[in-house]
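Working notes, beginning with the structure itself.
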Amino acid sequence: MTSLPENRPPRISETDRDTAVRRLQEAYAEGHIAHEEMDALLNQALTAQTHDALAQALAPLPAEKPATPSTIAVHAGRIQRRGPWRVPRTLKVESAFGSVRLDLSRAIIEHPVIDIELQLGTGGAKVTVPRDAIVEFENLGTGWKDMRYKPPRHSGPGGPTIRISGTMGFGRLKIRHARR
């Protein structure tokens, strides 16, 4: 008779660990924790195996500030971002009449999760995400055309999660993964 595996809590990812280390470093730089306490908490975060253990390392820190959304807006015209540009944690894109092209393939992404909110009237949107990104959709309404997205067969670990939400009026949303 074989025994069933125990219900173990999921192990934390390197992205979770990196985010925790960044928060500890920021808290130290802002004077919220002393040097000795930072050393102990960093050791605890770097050796944590579960989300509960990681949360205990972050417990002495002040609450994380909510992300302030950055907005790109035009009434009529094209919105385009490509090349090495810094992607904010929360990005709101608004356009009444025009197309949107966001290329995140060479962008500087400092957060494990990026929220993109689209508020588009007429005109389509094309979003190119990094090759190893995970794309999620939350409350995305399309009025006229369906969205086009084909997830990759194999995605590597450690990529950012791109969450897309909002409203598309008369246009199509196309999402693709970068090839390089």
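The values are calculated or read from the model by the stated rules, or taken from the named source; none is laboratory data. Just so you know, these numbers come straight off a predicted model, no measurement behind them. Neighbour counts are summed over all protein chains in view; Cβ atoms, including those assigned to glycine, are modelled from backbone coordinates with ideal geometry.
Name the residue, out of P84, P69, that is touching a residue at least 40 places away in the same chain (Cβ under 8 Å) and within 26 Å of I116 (Cα to Cα).
Numbers: P84 fails: touching a residue at least 40 places away in the same chain (Cβ under 8 Å).
Of P84, P69, the one residue that is touching a residue at least 40 places away in the same chain (Cβ under 8 Å) and within 26 Å of I116 (Cα to Cα) is P69.
Just one of D103, D115 is at pLDDT 90 or above and touching an Asp or Glu at 6+ places or on another chain (Cβ under 9 Å); which is it?
Just a single option satisfies the conditions, and that option is D115.
Looking only at residues that are in contact (Cβ under 8 Å) with a residue 40 or more places away in the chain and not charged (D, E, K, R) in segment 23-52, which one is farthest from V127 (Cα to Cα)?
Here the answer is T50.
Can you tell me which residue is surrounded by the most Cβ atoms within 10 Å (Cβ to Cβ) among those in segment 48-103 that are in a loop (DSSP other than H, G, I, E, B) and among the aliphatic types (A, V, I, L, M)?
Filtering first and then ranking leaves A48.
How many residues does segment 122-163 contain that are out of contact with any Phe, Trp or Tyr (no Cβ under 7 Å at 6 or more places or on another chain), over 16 Å from L91 (Cβ atoms) and part of a loop (DSSP other than H, G, I, E, B)? Reasoning before the result, please.
Initial filter on segment 122-163 (out of contact with any Phe, Trp or Tyr (no Cβ under 7 Å at 6 or more places or on another chain)): 124-134, 136-142, 145-163.
If we keep only those that are over 16 Å from L91 (Cβ atoms) too, we end up with 124, 131-132, 134, 141-142, 145-159.
Of the ones still in play, those that are also part of a loop (DSSP other than H, G, I, E, B) are 124, 131-132, 145-147, 150-159.
So the answer is 16.
Only one of (1) within 20 Å of the chain's Cα centre (by Cα); (2) in a strand (DSSP E or B); (3) at negative phi; (4) of a type in the set (G, A, S) fails for G166. Which number is that?
Answer for G166: the failing condition is (3).
Per-residue answers, yes or no, for (1) assigned by TED's automatic domain parsing to the domain that holds G158; (2) part of a helix (DSSP H, G or I); (3) at pLDDT below 85:
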{"residue": "S3", "(1), (2), (3)": "no, no, yes"}
{"residue": "R8", "(1), (2), (3)": "no, no, yes"}
{"residue": "D18", "(1), (2), (3)": "no, yes, yes"}
{"residue": "R22", "(1), (2), (3)": "no, yes, yes"}
{"residue": "E26", "(1), (2), (3)": "no, yes, yes"}
{"residue": "G31", "(1), (2), (3)": "no, no, no"}
{"residue": "L42", "(1), (2), (3)": "no, yes, no"}
{"residue": "A45", "(1), (2), (3)": "no, yes, no"}
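What are the residue pairs meeting all of these: first residue in segment 98-119, first residue farther than 21 Å from G169 by Cα and outside the structural domain of E26 (by TED's automatic domain parsing), second residue of a type outside the set (V, I, T) and assigned to a strand (DSSP E or B), Cβ atoms under 6 Å, and 6 or more apart or on different chains?
I108/R86
Of the residues that sit in segment 104-123 and are surrounded by 18 or more Cβ atoms within 10 Å (Cβ to Cβ) and over 14 Å from the mean Cα position of the chain (by Cα), which one is farthest from R78 (Cα to Cα)?
Residue satisfying both the conditions and the ranking: L118.
Among the residues of segment 36-47, are any of a type outside the set (F, W, Y), under 19 Å from the mean Cα position of the chain (by Cα) and under 20 Å from P112 (Cα atoms)? Steps first, answer last, please.
First pass over segment 36-47, keeping only residues of a type outside the set (F, W, Y): 36-47.
Right, trim to under 19 Å from the mean Cα position of the chain (by Cα) and you get none.
Within segment 36-47, none of the residues are of a type outside the set (F, W, Y), under 19 Å from the mean Cα position of the chain (by Cα) and under 20 Å from P112 (Cα atoms).
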